[in-house]
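Engineer: Before we start, here is the structure in question, set down as structure tokens.
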Amino acid sequence: MASSHQRPTPIIGLVLALAGLVAAVTVSPAAAVPSSPGKRDPQPRYHSCATPAPGTVHCFSRWTPTARSKASARTSPAAAVKPPKLGLAPADIRKAYKLPASGPKNQTIAIVDAFDNPRVEQDLKAYRAAYKLPTCSTASACFRKVDQRGGKKYPKGDPGWGFEIALDVQAVSASCPTCKIMLVEADNDSMASIGSAVNTAVRLGATVVSNSYGTDEFGSMKTNGKKYYTHPGVPIVASSGDDGYTAASFPAVLPSTWAVGGTWLKPTQKGNWTEDAWEFAGSGCSAYVAKPSVQKDKKCSKRTVADISAVADSAEGFAVYDTYGLGADNGWTQASGTSLSAPLISGMIGLAGNAKQVAKPSYLYQHRTGLYDVVGGSNGSCHGGYLCTGVKGYDAPTGLGSPRGLKSL
């Protein structure tokens, strides 16, 4: 334009408008859609990722915006970030699940997600500094970020998956502060790309692979399961989903995968923690996968999801520090979903240091003594049965229960 006082032509104006729209998309969550209101959720939750298109998966995290003053530093240096007043902290996770403060330093938890979060390492540094956890960075050889081929040609950024990535690496930090973290970013959310990222994680030496994403099971998924999710000696952990009692979720439903359900975690008057089934925890009875011999439940003739569980939500959610893509809500947020449960369990497996021995999901069914039986709560309507209700013994929303200590891991 010749002068700042001239009005743009219609064509230029359209281009500028489209550019503005693209810019708006890049600084807001990919799918800031409120979730269904929960009975106990104190604030609205927003889905991080959109409903998956055919042939794709979506992440299972939700986030809660927190009111902040305009003067607050949204992207403060790590040393300047203080813990938030709200949200579960690493100390809460350790106390609730009776975890030691440290463990082996040679365990690598791989996080597999789609797209890129360019600020993941800076935000991880801030999170760990705020909670006084050991430094975990590229420089210290604790943190490693690769693309789905193991290189550094990272995919395009995505705010929704970016939040998922921040949640995953920080959840692993909370349950296993001494574990190494490998982030493998798939090119996109297609099953082929994200499955290839799982294979890359194992090829690069992952001890455990955490997958906080999924889609409804489908008839040809067994091929995907054998190609991408079957790795002897490496636990493949997957979230059960956030849609309540419904179709079983892939890849959690695969026979080679640890299916992780979700609980509602709450403190007791005596200073302990208790859990019941989270109202949105995914559970289901497979239409395709054969019943594992270790599963003895009667109302599902095929594989039942889940196997084990951990917190998916609480009155305050889980504190996450994310400065990529949430716009005005950058900074400390409160996360929920079985996207939290899976990396927490993955970190606990790393903390126990027995990944090769516990790689098969069947191990859990043969070593239950270290699990807390989650009773109470419901994630849908199944006439009060165990497929949607937390009952004594095995139930689908929470599986065999949640860890208390590391005895079952």
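The values are calculated or read from the model by the stated rules, or taken from the named source; none is laboratory data. Quick caveat, the model's predicted, so the values are computed rather than measured. No Cβ is skipped: glycine too gets one built from the backbone with ideal geometry, and neighbour counts run over all protein chains shown. Side chains are part of the model used for accessible areas, which takes the heavy atoms of the whole protein and leaves out ligands, DNA and RNA. Shrake-Rupley method; radii C 1.70, N 1.55, O 1.52, S 1.80 Å.
Engineer: Pick from ALA174, ALA129: which is open to solvent by 10 Å² or more (accessible area, probe 1.4 Å), assigned to a helix (DSSP H, G or I) and of a type in the set (Gly, Ala, Ser)?
Structural biologist: ALA129
Engineer: For the subset of segment 374-386 comprising residues that are within 22 Å of LYS296 (Cβ to Cβ) and over 22 Å from the mean Cα position of the chain (by Cα), which member is most open to solvent (accessible area, probe 1.4 Å)?
Structural biologist: HIS383
Engineer: Criterion first (open to solvent by 40 Å² or more (accessible area, probe 1.4 Å), farther than 18 Å from PRO44 by Cα, not in a loop (DSSP other than H, G, I, E, B) and not acidic (Asp, Glu)) does LYS266 satisfy it?
Structural biologist: Against the criterion (open to solvent by 40 Å² or more (accessible area, probe 1.4 Å), farther than 18 Å from PRO44 by Cα, not in a loop (DSSP other than H, G, I, E, B) and not acidic (Asp, Glu)), LYS266 qualifies.
Engineer: While we're on this one: Among the residues of segment 188-235, write down those that are surrounded by fewer than 16 Cβ atoms within 10 Å (Cβ to Cβ), among the polar types (S, T, N, Q) and outside any loop (DSSP other than H, G, I, E, B).
Structural biologist: Listed by number, the list holds a single entry, THR223.
Engineer: PRO155 versus (1) under 24 Å from TYR228 (Cβ atoms); (2) touching a strand residue (DSSP E or B) at 6+ places or on another chain (Cβ under 6 Å); (3) crowded, with 21+ Cβ neighbours inside 10 Å: which is the lone unmet condition?
Structural biologist: (3)
A quick yes/no check of all residues on (1) surrounded by 24 or more Cβ atoms within 10 Å (Cβ to Cβ); (2) in contact with a strand residue (DSSP E or B) (Cβ under 9 Å, 6 or more places away or on another chain); (3) aliphatic (A, V, I, L, M):
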| position | (1), (2), (3) |
| --- | --- |
| ALA91 | no, no, yes |
| SER102 | no, no, no |
| ASN106 | no, yes, no |
| ASP113 | yes, yes, no |
| ASP116 | no, yes, no |
| ARG119 | no, yes, no |
| LEU124 | yes, yes, yes |
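Engineer: Here's a follow-up. Out of all the residues in segment 269-299, which are assigned to a strand (DSSP E or B), open to solvent by less than 30 Å² (accessible area, probe 1.4 Å) and either within 27 Å of SER220 (Cβ to Cβ) or of a type outside the set (Gly, Ala, Ser) (or both)?
Structural biologist: Within segment 269-299, GLU275, ASP276, SER283, GLY284, SER286, VAL289 qualify.
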